[in-house]
Amino acid sequence: MRILDFSERAFPLFRQLLRFLSTTVVGVAIDVGGFVLLAMIGLPAGIANMTSAGVSVLAVYALSRGMVFPGRHTAGGLLAFFGWYAVSILLFSWLIQWGVDVLAIPELLAKLISLPLSFTLNFIAVRSIFAVVDRGVTRG
């Protein structure tokens, strides 16, 4: 009986994770494609990452708020979402640039290495942000 209870609770989370993965694939395509183009025209890896990641966040927000974490669009939710991603983009841009400069990792490889960790952290953060925002909206 307890196993059934766990699977009933775990399945919605798994479905949400898979939907987030699908929105992330769209975001990664925009991000990596933009990154490659910007790096090809000579922008430093960190700047190219900030720019391409920023554009992809717009797409991910629109998709994830509609498909993954349905709820009301609020100014607070939007600010929290973009605030988190600003921190995340800065952190991973710095890590990518550090990998390129210090470890001599090729730019695209450094970007690709960062993706699994950024995906995991972003899923946890965005899920938490929207849960708090939605709880606040239903209370108020």
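Inspect the stretch 5-19 for any residue being at pLDDT 85 or above, part of a helix (DSSP H, G or I) and surrounded by 19 or more Cβ atoms within 10 Å (Cβ to Cβ) and give the result as yes or no. The answer is no; no qualifying residue exists.
Would the stretch 63-79 turn up any residue that is open to solvent by less than 30 Å² (accessible area, probe 1.4 Å) and modelled with pLDDT of 85 or more? No: zero hits.
Yes/no matrix, rows are residues, columns are (1) surrounded by 15 or more Cβ atoms within 10 Å (Cβ to Cβ); (2) closer than 19 Å to Met50 by Cα; (3) modelled with pLDDT under 90:
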{"position": "Phe81", "(1), (2), (3)": "yes, yes, yes"}
{"position": "Phe92", "(1), (2), (3)": "yes, yes, no"}
{"position": "Ala104", "(1), (2), (3)": "no, no, no"}
{"position": "Ile129", "(1), (2), (3)": "yes, no, yes"}
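Residues considered: Leu91, Leu108, Leu117. Of these, the only one that is in contact (Cβ under 8 Å) with a residue 60 or more places away in the chain, part of a helix (DSSP H, G or I) and not aromatic (Phe, Trp, Tyr) is Leu108.
On the basis of being modelled with pLDDT of 90 or more, open to solvent by less than 60 Å² (accessible area, probe 1.4 Å) and either among the β-branched types (Val, Ile, Thr) or touching a Pro at 6+ places or on another chain (Cβ under 8 Å) (or both), does Val87 make the cut? For Val87, the condition - modelled with pLDDT of 90 or more, open to solvent by less than 60 Å² (accessible area, probe 1.4 Å) and either among the β-branched types (Val, Ile, Thr) or touching a Pro at 6+ places or on another chain (Cβ under 8 Å) (or both) - is not met. If you filter the stretch 28-42 down to residues that are of a type in the set (A, V, I, L, M) and open to solvent by less than 30 Å² (accessible area, probe 1.4 Å), you find that the one that is nearest to Phe92 (Cα to Cα) is Val32. The condition of being closer than 18 Å to Ile30 by Cβ and of a type in the set (Gly, Ala, Ser) holds for only one of Ser93, Ser128, that being Ser93. For beta carbons closer than 7 Å, sequence separation of 6+ or different chains, a first residue in the stretch 36-61 that is of a type in the set (Ser, Thr, Tyr) and a second that is open to solvent by 30 Å² or more (accessible area, probe 1.4 Å), the qualifying pairs are Thr51/Leu38; Ser52/Leu38; Ser56/Ile30. Among the candidates Val25, Val55, Val60, the residue that is open to solvent by 40 Å² or more (accessible area, probe 1.4 Å), part of a helix (DSSP H, G or I) and either touching a helix residue (DSSP H, G or I) at 6+ places or on another chain (Cβ under 9 Å) or among the acidic types (Asp, Glu) (or both) is uniquely Val55.
The values are calculated or read from the model by the stated rules, or taken from the named source; none is laboratory data. Note that the structure is a prediction, hence the values are computed from the model and not measured. Counting neighbours? That spans all protein chains shown, and the Cβs are built from the backbone with ideal geometry, glycine included. Surface areas here come from the heavy atoms of the whole protein model, side chains and all, with no ligands, DNA or RNA. Shrake-Rupley method; radii C 1.70, N 1.55, O 1.52, S 1.80 Å.
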